[in-house]
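Peer 1: Once you've had a glance at the structure underneath, I'll fire off some questions.
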Amino acid sequence: MKVNKKLFIAFSAITVICITTASLLYFGIVQINHPSKDKYPVRGVDVSEYQGNIDWSVLVTRDIDFAFIKATEGSSYTDEHFSENWEKASKTDLRIGAYHFFSLESSGKLQAEHFCDSVQSVPNMLPPVVDVEPYGTYKEITEKDVSELTDWLTVTEEYYGIKPIIYTTSKWYNKLIKDSFPDYDIWIRSVYSKPNKDVNWIFWQYSNRMNLDSYDGEEKYIDMNVFCGSAEEFLDYPKVQ
């Protein structure tokens, strides 16, 4: 069968472009989202043990205003670097907050108690966060999951005296959060596009491919976020008392 030379060259060129583009995105050389600095002047990071040892004295110079730090996961796991990160970050000028990765395999109440036992309040602390997203074989939400998440939110709010923030993906926001938890502030993950207009978000994780050169972990990238509001509004944003 005779191959059309022009068609072959065009196909090869498209393949090379696709591979090159994917590589540039993967290695963080090209960033898809570029939130306006004028519209979203307040920026921050979220970190976990994957960033390894963080030099907070360097990280604070990277034009950021806040940091969310992973504290716990499930009903018993504590992030290996949480205590160190929490202590060092609390000595900077950043507003900091702690987040919990919600497990669909254990009691929401026990998970909340584990989080509350692990996270000591600090001045100007951001509201606690629960990270609710698909993982492993857990791709769908059941009524029991909604009930367990309600327990986590209730226990945590009672303990800290402030409504938690819910971190989630656009898909799970539409499937679960929008109707079941309409009164909670949303931290939305959307690293390949702007958040959907129907998501009423307060924080937006717009990139998972930034390199701020202030940590030594196995994960060389760090997540970047913006706050939906001005610097003055961020200062007034609710804090744990």
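The values are calculated or read from the model by the stated rules, or taken from the named source; none is laboratory data. Everything numeric here is computed off the predicted structure, so don't read it as measured data. Neighbour counts are summed over all protein chains in view; Cβ atoms, including those assigned to glycine, are modelled from backbone coordinates with ideal geometry.
Peer 1: Could you check the range 63-89 and list, in sequence order, the residues that are buried (at least 18 other Cβ atoms within 10 Å of the Cβ), more than 20 Å from residue 155 (Cα to Cα) and polar (S, T, N, Q)?
Peer 2: The one that is buried (at least 18 other Cβ atoms within 10 Å of the Cβ), more than 20 Å from residue 155 (Cα to Cα) and polar (S, T, N, Q): 85.
Peer 1: OK, next. Of the residues 63, 79, which is free of Cβ contacts under 8 Å to residues at least 60 places away in the same chain, out of contact with any helix residue (DSSP H, G or I) (no Cβ under 9 Å at 6 or more places or on another chain) and assigned by TED's automatic domain parsing to the domain that holds residue 46?
Peer 2: Result of the check over 63, 79: 63.
Peer 1: Only residues that are at pLDDT 95 or above and either hydroxyl-bearing (Ser, Thr, Tyr) or closer than 22 Å to residue 231 by Cα (or both): list them for the range 107-144, please.
Peer 2: 107, 118, 121, 122, 123, 124, 125, 126, 127, 128, 129, listed by residue number.
Peer 1: Among the strands (runs of 3 or more DSSP E) lying completely within the range 126-194, list those that include at least 1 residues that are out of contact with any Phe, Trp or Tyr (no Cβ under 6 Å at 6 or more places or on another chain) and crowded, with 16+ Cβ neighbours inside 10 Å.
Peer 2: Passing ranges, in order: 165-169, 186-189.
Peer 1: Out of curiosity, is residue 215 of a type outside the set (S, T, N, Q), crowded, with 16+ Cβ neighbours inside 10 Å, closer than 30 Å to residue 93 by Cβ and under 16 Å from the mean Cα position of the chain (by Cα)?
Peer 2: no
Peer 1: From the list 51, 31, which residue is modelled with pLDDT under 95 and closer than 19 Å to residue 205 by Cβ?
Peer 2: Just one listed residue meets the conditions, 31.
Peer 1: Of everything in the range 102-125, what is of a type outside the set (A, V, I, L, M, F, W, C) and not in a helix (DSSP H, G or I)? Give them in sequence order.
Peer 2: Of everything in the range 102-125, those that are of a type outside the set (A, V, I, L, M, F, W, C) and not in a helix (DSSP H, G or I) turn out to be 103, 105, 106, 107, 120, 121, 123, 124.
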